[in-house]
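Report on the following structure.
The values are calculated or read from the model by the stated rules, or taken from the named source; none is laboratory data. Just so it is clear, the structure is predicted and the values come from calculations on it, not from any experiment. Cβ placement follows ideal geometry from the backbone for every residue including glycine, while neighbour counts extend to all protein chains displayed.
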Amino acid sequence: MFKLAENKRVKASSDIELKDRLVGVQRVVKVTKGGRAFGFSAIVVVGDEKSIVGIGLGKSKDVSTAIAKAIEAAKKNLVKIPVINGTIPHEQFSKFGGSQVLIKPASHGTGIKAGGAMRAVIESAGIKDVLAKSKGSSNPHNLVKATLKALLELRDARTVANQRGVSLEKVFKG
C-alpha cells in the first residue's frame, strides 16, 4: 500500500474496542480458459473513534468471507492519528492513485463535511469537525487510501517540537 511511520502503528489488543464500517464491495471477474470465475472484493475501515484507525482489503468467492478477511486485514494495519479537540491540527493535501483529497480543520460544531469513503475513514478516526474535499477519481479504494495517507501526514505541535529539537513554546512563536 504505502509506507507507514513505525511510531504511528498501533498493536491491536483486546482493550481497544474497534467498530468496522464497510466502504464498498465490488464483484470482480477472472476470465479463464474454462469460462468466467466470479469473486468479490471488499474494503473495510475499522477504528475506535478515539484516534485509532485502519483499513483492510479482502477478496473471496462470497461476500461475507471477503468482508471478514477485510476486517482482519484492517485490524493488522491500525495507526494513530493526531486528533485535537475533535478536529485535525492543520490542513493537509494528499494523493493516492487518481484520487486527491484535501482535509481542513473546522471549528467546534461544524461536523464532518465529507462524503462516502472519506467519511468512513474520518468518522472511524474519531474526528468530529472537519472539512474535506475529494478531487479526481472517486474510486473508493484509492479514496480511502488517500484519506488515510493525508491523516498519517498530520503532525501535532508536540511532534513538530521533537523533530525540530526545540521547546513547545518556540514552535508557536515561529
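Look at the range 154-174: where a residue is touching a residue at least 40 places away in the same chain (Cβ under 8 Å) and under 14 Å from PRO89 (Cβ atoms) and a partner is assigned to a loop (DSSP other than H, G, I, E, B) and hydrophobic (A, V, I, L, M, F, W, C), sitting 6+ places away or on another chain with Cβ atoms under 8 Å, you get LEU154/ILE81; LEU154/ILE88.
Just checking, does the range 100-111 include any residue being crowded, with 17+ Cβ neighbours inside 10 Å, in contact with a Leu (Cβ under 9 Å, 6 or more places away or on another chain) and outside any strand (DSSP E or B)? Within the range 100-111, one or more residues are crowded, with 17+ Cβ neighbours inside 10 Å, in contact with a Leu (Cβ under 9 Å, 6 or more places away or on another chain) and outside any strand (DSSP E or B). Within the range 7-34, restricting attention to residues that are of a type in the set (Asp, Glu) and modelled with pLDDT under 90, the residue that is surrounded by the fewest Cβ atoms within 10 Å (Cβ to Cβ) is ASP15. Taking the stated definitions as given, is ILE88 assigned by TED's automatic domain parsing to the domain that holds ILE52, closer than 26 Å to ASP20 by Cβ and surrounded by 19 or more Cβ atoms within 10 Å (Cβ to Cβ)? No; evaluated as a whole, the condition is false for this residue. Of the residues in the range 76-85, how many are in contact with a strand residue (DSSP E or B) (Cβ under 6 Å, 6 or more places away or on another chain) and surrounded by fewer than 20 Cβ atoms within 10 Å (Cβ to Cβ)? Total satisfying the criteria: 2. Taking the listed residues ALA68, ALA37, the one that is touching a strand residue (DSSP E or B) at 6+ places or on another chain (Cβ under 9 Å) and at pLDDT 95 or above is ALA68, with no other qualifying.
Candidates in the range 117-130 are the residues that are within 18 Å of ILE43 (Cα to Cα) and touching a residue at least 60 places away in the same chain (Cβ under 8 Å); of these, the one that is surrounded by the most Cβ atoms within 10 Å (Cβ to Cβ) is VAL121. Scanning the range 51-94 for residues that are more than 13 Å from the chain's Cα centre (by Cα), closer than 23 Å to GLY136 by Cα and assigned to a strand (DSSP E or B) turns up GLN92, PHE93.
Would you please name the residue that is farthest from VAL23 (Cα to Cα), looking only at residues in the range 35-64 that are polar (S, T, N, Q) and surrounded by 15 or more Cβ atoms within 10 Å (Cβ to Cβ)? Residue satisfying both the conditions and the ranking: SER51.
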